[in-house]
1. Need one number for chain B: average projected area of the convex hull over its C-alpha atoms, nm².
2. In peptide A:42-51, what is the residue-averaged number of other protein chain Cβ atoms found within 10 Å of each Cβ?
3. Compute a Gaussian network model of chain A, connecting alpha carbons closer than 10 Å, and tell me which residue from A:Ala87, A:Ala54, A:Ala65 fluctuates the most.
4. Could you list A:Ser70, A:Ser14 so that the one with the fewest beta carbons within 10 Å of its beta carbon is first and the one with the most is last?
5. Would you mind computing, in nm to one decimal, how far apart the modelled labels at A:Arg101 and A:Ile60 are, each placed 7 Å from Cα along Cα→Cβ?
6. Work out the length of the dipole vector of the range A:61-114 about its Cα centre, built from +1 on the beta-carbon of each Lys and Arg and -1 on the beta-carbon of each Asp and Glu, and round it to the nearest 20 debye.
7. Note down the nm distance, to one decimal, between modelled labels 7 Å out along Cα→Cβ at B:Ile12 and at A:Leu20.
8. Tell me, what does the Kirkwood hydrodynamic radius of the protein assembly as shown come to in angstroms if you use every pair of distinct C-alpha atoms?
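Just so it is clear, none of the values below were taken in a lab; they were calculated from the coordinates. All figures in this text were calculated on a predicted structure; none of them were measured in a lab. Quick reminder, even Gly has a Cβ in these numbers, built from the backbone with ideal geometry, and neighbours come from all protein chains shown.
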Amino acid sequence: AQSVTQLGSHVSVSEGALVLLRCNYSSSVPPYLFWYVQYPNQGLQLLLKYTTGATLVKGINGFEAEFKKSETSFHLTKPSAHMSDAAEYFCALKRGSTLGRLYFGRGTQLTVWP
Amino acid sequence: EAQVTQNPRYLITVTGKKLTVTCSQNMNHEYMSWYRQDPGLGLRQIYYSMNVEVTDKGDVPEGYKVSRKEKRNFPLILESPSPNQTSLYFCASSFQGDYGYTFGSGTRLTVV
């Protein structure tokens, strides 16, 4: 069963517009959730993570995400898109605090138009 | 600099010729893992290791082998590569607990 679902494989926004990348998860135990960004021909870079505590998480480059247990969601937002935000974004889940499996969504390609 | 180093970055090989992709981390992380990335499928876990001499299968282990003889190294071995193993491969590592994972720069493998 899919653990992480990213809605929309491609998202396009204009520079300066709101960025919203959607991620829903399924987990029978409290999840740890991550957003990663991948620029062309590069590895994955951690944007932000939710483990416990505050449900609104701030990351690098002005991104933030909110953990909503009732909606099983962890959507990524940025108030104002920049051309340099164009990349592929991956949502990932780890079940609880134990080591082991990290489950990735299929990714969302973000295009930013001038 | 804290990092995960994979080698080689690019590799073209022929069907059936054994190959090894190396992965090394300098952060004393207990956990290491291999993923493959294919268009439209995201990242899928191949194998992971909790610590030295402790490994387990991920979602797509068929056709791959791993070993963890030292804490810093986690090589990925393809005993008899096939064209369906053409992919982009990533190694990652982490401390125990809730830390984020550090990824290598990737190895693009083509099997012809």
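1. 6.6
2. 5
3. In the Gaussian network model the winner is A:Ala54.
4. Ascending Cβ contact count within 10 Å gives the list A:Ser70, A:Ser14.
5. Roughly 2.9 nm, to one decimal.
6. 340
7. 4.6
8. Over the protein assembly as shown, the inverse of the mean reciprocal pair distance is 18.0 Å.
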